[in-house]
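Asker: One structure is given below, represented as structure tokens, and several questions about it will come after.
Taken together, the values in this text are just the output of simple stated rules run on the coordinates, not laboratory data. None of the values given here were measured: they were computed from a predicted structure. Neighbour counts are summed over all protein chains in view; Cβ atoms, including those assigned to glycine, are modelled from backbone coordinates with ideal geometry.
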Amino acid sequence: MMNSISIFCFVTFVSLGLNQMVKGDLISDTCGKALYKDLCEKTLRADPSSSGATLDGLAKIALNAASSSAKTTEGQIASLLKTTKDKDVIAALNDCNENYDSANEQLGDSLNAIAAKNYADINTWVTAAMTDGDSCEGGFKSGSSPLTQANTNFGHLCSNVLAIANQLK
């Protein structure tokens, strides 16, 4: 009797361990196809739900990270608008605010597309959101955007979403 229990416990332990290794490999395999692999792995592993996630779940996590980045950038824009006096910079920041508002809406549409398994729509919406971030960066006449780091991070996160979405097809 004791032998049967020991074998059962051993098999259960090994099965759980293998399951965790497979899930961990899903993140590595998924991010291995991304342009920004390190950021992809860091982003996905930072979310506790990633350990048991499917590829759809990983795409949702990546989308939520991109959306969070866009919202953070909107906060930066609001702060800069309170302190900036230069009219050209104010105009560019107002444009950026509209761009990131649109990007957040498009990322929300992408989450709905995942739920509906309309994977081609994810590419459409996320690409549009990336374009919004790029447009923000390009809107500064002096070429020295105060949002370069935020815009770049947002673009990288969106690129990772696209890499994951392409694996969903």
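Asker: Once you charge only the Cβ atoms, +1 for Lys and Arg and -1 for Asp and Glu, what is the size of the charge dipole of region 99-144 about its Cα centre, to the nearest 20 debye?
Answerer: 80
Asker: Among Tyr119, Ala91, Thr43, flag the residue with its Cα farthest along the positive direction of the charge dipole of the chain, charges on Cβ as +1 for Lys/Arg and -1 for Asp/Glu.
Answerer: Selected residue: Thr43.
Asker: Let me ask something else about it. To make sure I understand the rule: partners must be lysines, Cα under 25 Å from the Cα of Lys141, and not fewer than 8 residues away in the same chain. Which ones qualify?
Answerer: Lys71, Lys82, Lys85, Lys87
Asker: Next up: Could I get the Rg over Rh figure for region 126-169? Both from C-alpha atoms, Rh via Kirkwood, rounded to two places.
Answerer: 1.09
Asker: Could I ask something else about it? Can you give me the Rg/Rh ratio for the chain, using Cα atoms for both radii and the Kirkwood formula for Rh?
Answerer: Numbers: Rg = 20.4 Å, Rh = 17.5 Å.
Reported Rg/Rh (Cα atoms, Kirkwood Rh): 1.17.
Asker: Continuing with the same structure: From the phi of every residue in region 89-105, what ³J(HN,Hα) in whole Hz does the Karplus formula 6.51 cos²θ - 1.76 cosθ + 1.60 yield, where θ is phi - 60° and glycine or proline is x?
Answerer: 5, 4, 4, 5, 5, 4, 4, 4, 4, 5, 4, 6, 5, 5, 4, 4, 5
Asker: Cross-link partners among lysines for Lys33, C-alpha distance below 23 Å, same-chain residues fewer than 8 apart left out?
Answerer: Partners found: Lys23, Lys42, Lys60, Lys117, Lys169.
Asker: In debye, nearest 20, what is the charge dipole magnitude of region 39-169 about its Cα centre with +1 on Lys and Arg Cβ and -1 on Asp and Glu Cβ, if you could check?
Answerer: That gives region 39-169 a dipole magnitude of about 300 debye.
Asker: How big, on average over all directions, is the shadow cast by the Cα convex hull of region 33-132, in nm²?
Answerer: Computing the convex hull of the Cα atoms and averaging its projections yields 7.2 nm².
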